[in-house]
1. Residues to consider are 25, 47; find the one that is at pLDDT below 95, surrounded by 13 or more Cβ atoms within 10 Å (Cβ to Cβ) and part of a helix (DSSP H, G or I).
2. What is the one condition in (1) under 25 Å from residue 144 (Cβ atoms); (2) under 23 Å from the mean Cα position of the chain (by Cα) that residue 65 does not satisfy?
3. For residue 155, which of the numbered conditions (1) crowded, with 16+ Cβ neighbours inside 10 Å; (2) out of contact with any strand residue (DSSP E or B) (no Cβ under 6 Å at 6 or more places or on another chain); (3) at pLDDT below 95 fails to hold?
4. Given (1) loosely packed, with under 13 Cβ neighbours inside 10 Å; (2) under 22 Å from residue 64 (Cα atoms); (3) modelled with pLDDT of 95 or more, where does residue 41 come up short, assuming only one miss?
5. Tell me yes or no: at least one residue of the range 80-92 is closer than 30 Å to residue 131 by Cβ, in the same structural domain as residue 132 (by TED's automatic domain parsing), assigned to a loop (DSSP other than H, G, I, E, B) and within 20 Å of the chain's Cα centre (by Cα).
6. Please enumerate the residues belonging to the range 93-102 that are surrounded by 14 or more Cβ atoms within 10 Å (Cβ to Cβ) and assigned to a helix (DSSP H, G or I).
7. Residue by residue through the range 116-146, note down the ones that are surrounded by fewer than 18 Cβ atoms within 10 Å (Cβ to Cβ), within 24 Å of the chain's Cα centre (by Cα) and in a strand (DSSP E or B).
8. Please work out which one of (1) out of contact with any helix residue (DSSP H, G or I) (no Cβ under 7 Å at 6 or more places or on another chain); (2) in contact (Cβ under 8 Å) with a residue 12 or more places away in the chain; (3) exposed (fewer than 15 other Cβ atoms within 10 Å of the Cβ) is the condition residue 72 fails and give its number.
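The values are calculated or read from the model by the stated rules, or taken from the named source; none is laboratory data. All values reported here derive from a predicted model rather than from experimental measurement. Here the Cβ positions follow ideal geometry from the backbone for every residue, glycine too, while neighbour counts run over all protein chains shown.
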């Protein structure tokens, strides 16, 4: 499943069946709707209605594959805090979107205005990308933190399961 937005504007109640459906989608993303319905022991129409509702409500935001930047040759991961001149946040955000090595960027509170997840082939390539960021009009300064090792991979199943448990009587 593709990663979705961090913050959703609305909120949807997730019941036990929704939780079972989402678990299957996360654990077996390449299975057919017919097979999901068989495994869950529900009618295909019921499953499709649930999937449609969760897509409409923004719970399910994509069905594409998860890709590994490291497997694509970009083995260095860094988090770059970017301080922006007031009034230039949108312009800088648009400029960041044009840099392929920036895989995510968020406006934030605290020590900086933007936080970007940046990948590079090696440390020298990462430095080149950061130098490119520094030259973006409106960028005041950057602070980079290189990730050493992933400790908790991106995951949503524990969250989904906790919501499903909370919805039970």
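1. Values: 47 fails: at pLDDT below 95.
Only one candidate passes the filter, namely 25.
2. For residue 65, the exception is condition (1).
3. Among (1) crowded, with 16+ Cβ neighbours inside 10 Å; (2) out of contact with any strand residue (DSSP E or B) (no Cβ under 6 Å at 6 or more places or on another chain); (3) at pLDDT below 95, the lone unmet condition for residue 155 is (1).
4. With respect to (1) loosely packed, with under 13 Cβ neighbours inside 10 Å; (2) under 22 Å from residue 64 (Cα atoms); (3) modelled with pLDDT of 95 or more, residue 41 is out only on (2).
5. no
6. 93, 95, 96
7. Passing the criteria: 117, 143, 144, 145, 146.
8. For residue 72, the exception is condition (2).
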